[in-house]
Each structure stands twice: as C-alpha cells, then as structure tokens.
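Here is the structure we will look at, set down as structure tokens.
Bear in mind that the values in this text are calculations on the coordinates, not laboratory data. Note that this is a predicted model, so its numbers are computed, not measured. Reconstructed Cβ throughout: ideal geometry from the backbone, glycine too, with neighbour counts over all protein chains shown.
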Amino acid sequence: MEIKKTFKDLGLRMSKQRMAVLEFFEENKEGHFSLNEIYEKISQKNKNISFTSIYRACKLLEKLGLIRHISFEERHIHYESNLTPHLHYQCLICGKIIEESPEWLRELKKKLDIKDFLITSYRIQIHGICKECQDKYPEDIRRKLRT
Ligand SMILES: [Zn+2]
Ligand SMILES: [Zn+2]
C-alpha cells in the first residue's frame with residue numbers, strides 16, 4: 001500500500017489504529033460518519049482499540065488530507081473520505097445533510113489555488129430547511145424565508 005510508504009516518509013508509524021481507520025474509509029467511500037460510528041464499526045473487529053486512539057487517528061488522517069471533517073453547530077464532528085469538491089446543505093430541523101457538487105465549486109477551488117500549496121479542505125456551511133421539513137411549515141413563514 002502506497003500510503004504506508006508515505007507514513008514512513010513523514011516519520012509516522014502505521015499503527016493498527018491508523019490502519020483500521022484507513023480501512024474503514026476504504027470500505028465507506030460515501031457518507032459522513034461520526035467518531036462514534038467509526039469507533040463502533042472498528043471495535044466490532046478490533047476489540048482492543050480505544051475510542052481515544054480512533055479519535056487521534058482521525059485527527060491525523062485529516063491533517064494528512066486523507067479525510068475531511070464536517071461540523072455543523074450543535075452536532076458531533078463527522079468525517080468523510082469523499083475528497084471531490086462538494087457542498088453540504090444541512091437541515092436545521094431534522095439534521096439531514098444534502099450534498100451538491102456544482103460546477104462553479106470546481107472553478108472556485110481552481111481560483112483558490114496558489115503556487116506550491118496543496119489545498120486539503122475549505123469550508124462553506126449552508127443551513128436551512130429540507131423539503132420534508134418545509135412541508136410542515138406554515139406557508140407565510142416559508143414565503144418570508146424565500147425572499
Ligand atoms: Zn429536514
Ligand atoms: Zn460530504
């Protein structure tokens with residue numbers, strides 16, 4: 001695995017925990033996962049891995065740009081391994097996250113690029129109310145929000 005060499009080159013040890021988190025994201029290329037979800041899945045197979053070590057492994061992999069974290073207010077941090085530019089629209093009522101990858105976002109990323117710098121993340125947070133939750137809202141409030 002090429003990543004093992006990268007770890008070695010950076011003077012980092014490829015520990016069992018780090019490997020387990022990498023494998024987790026290898027198996028879960030889509031979606032957003034809380035630390036708890038990652039920990040629970042990994043600890044099913046690896047009984048001796050602690051929550052803290054998974055937390056630290058995620059932090060490190062984020063630093064290396066291998067995964068990204070998304071955090072919305074009042075919610076736990078979620079990690080994802082989908083590195084293609086995309087936006088997260090979060091419904092404030094039910095918490096659902098909708099992903100969109102508009103063409104202009106790729107353009108924006110190109111514009112943000114500076115020489116000799118590799119961007120691993122940038123954050124645009126969009127909050128609102130999803131379709132299902134809107135249906136439960138009074139029409140006059142919806143109209144106000146739309147303008
Ligand atoms: Zn909703
Ligand atoms: Zn995402």
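Among Leu105, Leu35, Leu87, which one shows the biggest mean-square fluctuation in a GNM of the chain, springs joining Cα atoms closer than 10 Å? Most flexible of the set in this elastic network: Leu105. Between Cys130 and Leu92, Ile93, Cys94, the built amide H atoms are under 5 Å apart, and every one of these is 5 or more places off in sequence or on another chain. In plain terms, the residue of Cys130, Cys94, Cys58 with the fewest other Cβ atoms within 10 Å comes first and the most crowded comes last, giving Cys94, Cys130, Cys58. Taking every DSSP beta bridge that has both ends in the chain, the antiparallel portion is near 70%.
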